[in-house]
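Worksheet for the structure shown next.
The values are calculated or read from the model by the stated rules, or taken from the named source; none is laboratory data. These numbers come from a predicted model, not from an experiment. Because the Cβ atoms are built from the backbone with ideal geometry, glycine has one as well, and the counts that use them run over all protein chains shown. Surface areas here come from the heavy atoms of the whole protein model, side chains and all, with no ligands, DNA or RNA. Shrake-Rupley method; radii C 1.70, N 1.55, O 1.52, S 1.80 Å.
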Amino acid sequence: MAVHESFFPWDDRRRPLRAALLEWLGQFAESAAWDDEALADPQDAEEADALEAVLACRAVRPQIFDAVAPFLDDQDEMVREAALGAVTHLLAADDFADRIPVAADRLERIACGRGGRRERAGALLTLAHWGRDTAMLLTDEDPAVRTCAALGTADPSAVDVLLAALADPVAVDSWFDEPLPQDPRSPLLPPPPRPP
(Lines give C-alpha, C1' and ligand atoms only; values in the text may rest on other atoms or scores of the structure.)
Protein backbone atom coordinates (compact mmCIF):
# COMPACT_ATOMS: atom_id res chain seq x y z
CA MET A 1 0.00 0.00 0.00
CA ALA A 2 3.07 2.28 0.11
CA VAL A 3 2.96 5.27 -2.23
CA HIS A 4 5.64 5.32 -4.90
CA GLU A 5 7.09 8.37 -6.58
CA SER A 6 8.92 7.76 -9.83
CA PHE A 7 12.60 8.59 -10.00
CA PHE A 8 12.18 9.70 -13.63
CA PRO A 9 12.02 13.50 -13.85
CA TRP A 10 9.32 13.35 -16.52
CA ASP A 11 7.03 11.12 -14.44
CA ASP A 12 5.42 13.03 -11.57
CA ARG A 13 2.77 10.42 -10.77
CA ARG A 14 2.19 9.17 -7.26
CA ARG A 15 0.75 5.69 -7.19
CA PRO A 16 0.72 2.57 -5.04
CA LEU A 17 4.00 0.69 -5.05
CA ARG A 18 2.11 -2.33 -6.43
CA ALA A 19 1.19 -0.30 -9.52
CA ALA A 20 4.81 0.75 -10.04
CA LEU A 21 5.99 -2.85 -9.68
CA LEU A 22 3.33 -4.07 -12.12
CA GLU A 23 4.40 -1.40 -14.62
CA TRP A 24 7.97 -2.62 -14.25
CA LEU A 25 6.88 -6.21 -14.90
CA GLY A 26 5.08 -5.01 -18.03
CA GLN A 27 8.27 -3.31 -19.19
CA PHE A 28 10.18 -6.50 -18.44
CA ALA A 29 7.72 -8.52 -20.54
CA GLU A 30 7.91 -6.01 -23.36
CA SER A 31 11.71 -6.11 -23.34
CA ALA A 32 11.82 -9.90 -23.25
CA ALA A 33 9.71 -10.07 -26.41
CA TRP A 34 11.73 -7.49 -28.30
CA ASP A 35 13.64 -8.12 -31.52
CA ASP A 36 13.44 -11.87 -32.10
CA GLU A 37 15.17 -11.59 -35.46
CA ALA A 38 18.29 -9.88 -34.09
CA LEU A 39 18.75 -12.67 -31.54
CA ALA A 40 17.97 -15.56 -33.87
CA ASP A 41 21.54 -16.12 -35.06
CA PRO A 42 24.15 -14.82 -32.61
CA GLN A 43 27.36 -13.79 -34.36
CA ASP A 44 29.68 -13.60 -31.34
CA ALA A 45 29.93 -14.40 -27.63
CA GLU A 46 28.30 -11.12 -26.60
CA GLU A 47 25.24 -11.80 -28.76
CA ALA A 48 25.14 -15.40 -27.51
CA ASP A 49 25.13 -14.11 -23.90
CA ALA A 50 22.36 -11.65 -24.76
CA LEU A 51 20.32 -14.45 -26.33
CA GLU A 52 20.80 -16.62 -23.24
CA ALA A 53 19.64 -13.76 -20.99
CA VAL A 54 16.57 -13.08 -23.13
CA LEU A 55 15.66 -16.78 -23.16
CA ALA A 56 15.99 -16.91 -19.36
CA CYS A 57 13.67 -13.90 -19.06
CA ARG A 58 11.18 -15.46 -21.44
CA ALA A 59 11.20 -18.68 -19.45
CA VAL A 60 9.74 -16.95 -16.37
CA ARG A 61 6.91 -15.19 -18.21
CA PRO A 62 4.29 -17.85 -17.29
CA GLN A 63 5.01 -17.38 -13.59
CA ILE A 64 4.90 -13.61 -14.01
CA PHE A 65 1.56 -13.83 -15.82
CA ASP A 66 0.13 -15.99 -13.02
CA ALA A 67 1.34 -13.46 -10.45
CA VAL A 68 0.09 -10.39 -12.36
CA ALA A 69 -3.34 -11.57 -13.57
CA PRO A 70 -5.08 -11.42 -10.14
CA PHE A 71 -4.32 -7.68 -9.97
CA LEU A 72 -6.73 -7.10 -12.87
CA ASP A 73 -9.39 -7.23 -10.14
CA ASP A 74 -7.59 -5.06 -7.57
CA GLN A 75 -9.61 -2.41 -5.77
CA ASP A 76 -7.24 0.37 -6.83
CA GLU A 77 -7.74 1.61 -10.40
CA MET A 78 -4.06 2.48 -10.87
CA VAL A 79 -3.09 -1.06 -9.86
CA ARG A 80 -5.66 -2.55 -12.26
CA GLU A 81 -4.39 -0.35 -15.08
CA ALA A 82 -0.77 -1.36 -14.45
CA ALA A 83 -1.81 -5.02 -14.35
CA LEU A 84 -3.64 -4.59 -17.65
CA GLY A 85 -0.49 -3.17 -19.24
CA ALA A 86 1.66 -6.02 -17.91
CA VAL A 87 -0.83 -8.70 -19.00
CA THR A 88 -1.07 -7.16 -22.44
CA HIS A 89 2.70 -7.21 -22.90
CA LEU A 90 2.96 -10.75 -21.56
CA LEU A 91 0.24 -12.06 -23.87
CA ALA A 92 1.88 -10.44 -26.90
CA ALA A 93 4.25 -13.43 -26.95
CA ASP A 94 3.29 -16.14 -29.42
CA ASP A 95 3.68 -18.90 -26.84
CA PHE A 96 0.89 -17.33 -24.76
CA ALA A 97 -1.77 -17.62 -27.46
CA ASP A 98 -3.59 -20.33 -25.49
CA ARG A 99 -4.10 -17.93 -22.57
CA ILE A 100 -5.66 -15.16 -24.63
CA PRO A 101 -9.28 -16.46 -24.73
CA VAL A 102 -9.59 -16.54 -20.93
CA ALA A 103 -7.83 -13.19 -20.59
CA ALA A 104 -10.00 -11.72 -23.35
CA ASP A 105 -13.17 -12.74 -21.51
CA ARG A 106 -11.84 -10.98 -18.44
CA LEU A 107 -10.89 -7.88 -20.43
CA GLU A 108 -14.38 -7.77 -21.98
CA ARG A 109 -15.80 -7.62 -18.46
CA ILE A 110 -13.38 -4.78 -17.66
CA ALA A 111 -14.29 -2.89 -20.85
CA CYS A 112 -18.01 -3.24 -20.15
CA GLY A 113 -17.63 -2.53 -16.44
CA ARG A 114 -17.80 0.58 -14.36
CA GLY A 115 -14.07 1.25 -14.23
CA GLY A 116 -12.43 4.45 -15.32
CA ARG A 117 -12.00 5.66 -18.88
CA ARG A 118 -8.31 4.68 -19.12
CA GLU A 119 -8.93 1.18 -17.81
CA ARG A 120 -11.85 0.52 -20.14
CA ALA A 121 -10.12 2.04 -23.18
CA GLY A 122 -6.93 0.07 -22.52
CA ALA A 123 -8.93 -3.14 -22.32
CA LEU A 124 -10.66 -2.32 -25.62
CA LEU A 125 -7.40 -1.59 -27.43
CA THR A 126 -5.96 -4.88 -26.22
CA LEU A 127 -9.09 -6.77 -27.28
CA ALA A 128 -8.89 -5.15 -30.71
CA HIS A 129 -5.25 -6.21 -31.02
CA TRP A 130 -6.26 -9.78 -30.22
CA GLY A 131 -8.90 -9.70 -32.94
CA ARG A 132 -11.89 -9.63 -30.60
CA ASP A 133 -14.90 -7.68 -31.85
CA THR A 134 -15.53 -4.64 -29.66
CA ALA A 135 -18.79 -3.49 -31.25
CA MET A 136 -20.62 -4.02 -27.94
CA LEU A 137 -19.40 -0.59 -26.78
CA LEU A 138 -20.01 1.50 -29.91
CA THR A 139 -22.89 3.20 -28.11
CA ASP A 140 -21.16 3.70 -24.76
CA GLU A 141 -21.86 7.06 -23.13
CA ASP A 142 -18.11 7.85 -22.96
CA PRO A 143 -16.82 9.13 -26.32
CA ALA A 144 -13.28 7.85 -25.64
CA VAL A 145 -14.58 4.35 -24.91
CA ARG A 146 -16.81 4.47 -28.00
CA THR A 147 -13.85 5.49 -30.16
CA CYS A 148 -11.60 2.75 -28.79
CA ALA A 149 -14.41 0.28 -29.42
CA ALA A 150 -14.67 1.53 -33.01
CA LEU A 151 -11.02 0.63 -33.58
CA GLY A 152 -11.72 -3.03 -32.92
CA THR A 153 -14.72 -3.83 -35.06
CA ALA A 154 -15.81 -4.08 -38.66
CA ASP A 155 -19.32 -2.90 -37.71
CA PRO A 156 -20.35 -0.18 -40.22
CA SER A 157 -21.42 2.20 -37.45
CA ALA A 158 -17.80 2.33 -36.24
CA VAL A 159 -16.99 4.69 -39.10
CA ASP A 160 -19.43 7.28 -37.74
CA VAL A 161 -17.86 7.02 -34.28
CA LEU A 162 -14.37 7.54 -35.70
CA LEU A 163 -15.48 10.45 -37.87
CA ALA A 164 -17.08 12.11 -34.85
CA ALA A 165 -13.81 11.78 -32.93
CA LEU A 166 -11.76 13.15 -35.81
CA ALA A 167 -14.12 16.11 -36.12
CA ASP A 168 -13.17 17.33 -32.63
CA PRO A 169 -9.41 16.94 -32.19
CA VAL A 170 -9.30 19.23 -29.15
CA ALA A 171 -11.71 16.96 -27.28
CA VAL A 172 -9.79 13.85 -28.36
CA ASP A 173 -6.54 15.38 -27.08
CA SER A 174 -8.13 15.84 -23.66
CA TRP A 175 -9.30 12.24 -23.24
CA PHE A 176 -6.03 10.83 -21.91
CA ASP A 177 -3.27 12.75 -20.20
CA GLU A 178 -0.71 10.02 -20.94
CA PRO A 179 -0.51 6.97 -23.22
CA LEU A 180 -2.53 3.88 -22.42
CA PRO A 181 -0.63 0.79 -21.21
CA GLN A 182 -1.42 -1.51 -24.11
CA ASP A 183 0.70 -3.50 -26.50
CA PRO A 184 2.53 -1.03 -28.79
CA ARG A 185 1.37 -3.08 -31.76
CA SER A 186 -2.25 -2.37 -30.87
CA PRO A 187 -4.16 -0.13 -33.23
CA LEU A 188 -4.09 3.42 -31.95
CA LEU A 189 -6.23 6.33 -32.91
CA PRO A 190 -4.10 8.32 -35.36
CA PRO A 191 -3.52 11.95 -34.50
CA PRO A 192 -6.34 14.00 -35.95
CA PRO A 193 -5.54 16.63 -38.55
CA ARG A 194 -5.00 20.03 -37.01
CA PRO A 195 -6.74 23.10 -38.34
CA PRO A 196 -4.32 25.54 -40.01
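Here is how the numbers come out for the structure above:
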quantity: Local net charge near Ala150, Cβ-Cβ under 12 Å (Lys/Arg +1, Asp/Glu -1); calculated: -3
quantity: For the stretch 73-184: accessible area per residue (Å², 1.4 Å); calculated: 46
quantity: The stretch 28-153: projected area of the alpha-carbon convex hull, averaged over directions, in nm²; calculated: 8.2
